[in-house]
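Colleague: Can you read through this structure? Questions will come right after.
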Amino acid sequence: MKTTSSLGGSLLLILTLSGCGGDSIRPLHSLNSRLADSAETRRDPSLGQGWLASLSSRGGRERLELIDLRNGQPVPVPVPGLNRADAQPISLSVSGDGERLALVRQLGDSTELMLYRRSVGILQRLELNPAGVPRAVSLDGRGRQLAVQVSRNGRWEVDLIQLP
Amino acid sequence: MWPIHAVRGTALAAITCLNVSAALLALTGCTPRVERIPGGEVERSQQEPALSGNGRLLATVTERRGRPTVQLRDLRSGAVLPLRHLSRHQPHSSPSLSWNGRYLAVITQRGQRRLALIEDRLTGRAHPIRLPGDREPVRLSLSPDARTMALQVAVQGRWRVELIDLGAILEPDRSAGERFSGPLQPTP
């Protein structure tokens, strides 16, 4: 009996270990190939509920792109006023409903934290207080709270910002 | 200016309002409230913040014994929450949380290879995510309901974003009383 349970334990252990090979995930092949065809490179994904924000490049220029995935097809949606030719996007995050986008961008010597509200097409700068250099950003699902990694006095900190 | 009440000697730090920012968002007439998250007893450097969909949990990457390690914090209590599978396989990077924070996805290191791992905080299970062709992810993002994950990978020297359906391995993590659109369907 003891041998049996020991054997069973070993078998279970082996099965458990072999189960570490990876769970059965399903790549969304059609979406993925259309995403690959639509840009030379694409990086920094941020998923909402049926929305994908990412930095895509065409012709060497990188821009923040918001894609509607809700119908199983990647449909880029207009984001007027979000991208500008002389700015380099660094980090981004989209709210769950795709309505708000947070962005860190480099513009000349300045690194800026921005908030974009799609329904009104308005991009606003969020000031950091105390001052610091933003790097990585995350919005919550409703786009009402923002966490941002900030460099201050040679150290990385995280600020939380409540948004109206 | 309001004080931070930090509990020294433990990793706990209650968070209260620290700063009220200067006038911003003039269009709405409201001012965003800014809080700084204490790094705990040694003021650790914190990077790569990721909020849960409901805004109650915050994952960051901090240095632990010199190794970048993901840390999960309850923003209401300030408590650092235990993670069963994420005390090793460093360096960790690119954390991402589902709506209620049931799932925490992060990129880990196994030997010389990077591997995406999802910890289910409800069941304690770990779900390693292996991509076809053994591609290595460098960044990831989990959808709020945890049905879909986006991974940044290199293919023939170019960055690409690939989407995977997690519906076969994870229960959805949805907000209470909120309706989501249906899951993305894989195509043949």
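Readers should treat all values here as calculations from the given coordinates under stated rules, not as data from a laboratory. Quantities reported herein were computed from a predicted structural model and do not represent experimental measurements. Reconstructed Cβ throughout: ideal geometry from the backbone, glycine too, with neighbour counts over all protein chains shown.
Colleague: When Lys and Arg each count +1 and Asp and Glu each count -1, what net charge do the other residues less than 9 Å away from B:Leu115, Cβ to Cβ, add up to?
Modeller: Local net charge: +3.
Colleague: Right, something else. Please compute the Kirkwood hydrodynamic radius of segment A:28-162 from all pairs of different C-alpha atoms, in Å with one decimal.
Modeller: 15.3 Å
Colleague: If the label point is 7 Å along Cα→Cβ of A:Ala36, which residues in segment B:139-161 have backbone nitrogen under 19 Å from it?
Modeller: So the set is B:139-141, B:149-161.
Colleague: Hey, how many Å between the Cα centroid of segment A:95-150 and the Cα centroid of segment B:100-162?
Modeller: After rounding, the separation between the Cα centres reads 24 Å.
Colleague: What spacing in nm lies between the two simple spin-label points modelled at B:Arg110 and A:Ser24, each 7 Å away from Cα in the Cβ direction?
Modeller: About 1.8 nm, to one decimal.
Colleague: Shielding by partners for B:138-145, please: the mean number of other protein chain Cβ atoms within 10 Å of each residue's Cβ.
Modeller: Rounded to a whole number, the mean comes out at 6.
Colleague: Would you tell me the mean number of C-beta atoms belonging to other protein chains that fall within 10 Å of each C-beta in A:117-129, as a whole number?
Modeller: Per residue, the number of nearby Cβ atoms from other chains is 3 on average.
Colleague: Right, here's the next one. Within a 10 angstrom radius of each residue's Cβ in A:50-62, how many Cβ atoms of other chains show up on average? Whole number is fine.
Modeller: 3
Colleague: What does the charge add up to near A:Gly98, with Lys and Arg as +1, Asp and Glu as -1, over the other residues with Cβ less than 13 Å from its Cβ?
Modeller: Computed value for this residue: +1.
Colleague: Limiting things to C-alpha atoms, what are the Rg and the maximum Cα-Cα separation (Dmax) for segment B:44-188, in angstroms?
Modeller: 15.0, 47
Colleague: Once fully extended, how much extra length lies between A:Arg125 and A:Val77, figured as 0.36 nm per residue of separation less the alpha-carbon to alpha-carbon distance?
Modeller: Between A:Arg125 and A:Val77, full extension yields 15.1 nm more.
Colleague: In segment B:88-132, what trypsin sites (Lys or Arg not before Pro) fall in a loop by DSSP, with at most 13 other Cβ atoms inside 10 Å?
Modeller: Those that pass, being in a loop and sparsely packed, are B:Arg88.
Colleague: Spin-label point model (7 Å from Cα, Cβ direction): what's the A:Asp109 to B:Ser77 distance in nm?
Modeller: That separation, rounded to one decimal, is 4.8 nm.
Colleague: Which net charge results when you count Lys and Arg as +1 and Asp and Glu as -1 among the other residues whose beta-carbon is under 9 Å from that of A:Pro74?
Modeller: 0
Colleague: How about segment A:70-123: which trypsin sites (Lys or Arg not before Pro) there lie in a loop by DSSP and see at most 12 other Cβ atoms within 10 Å?
Modeller: A:Arg84
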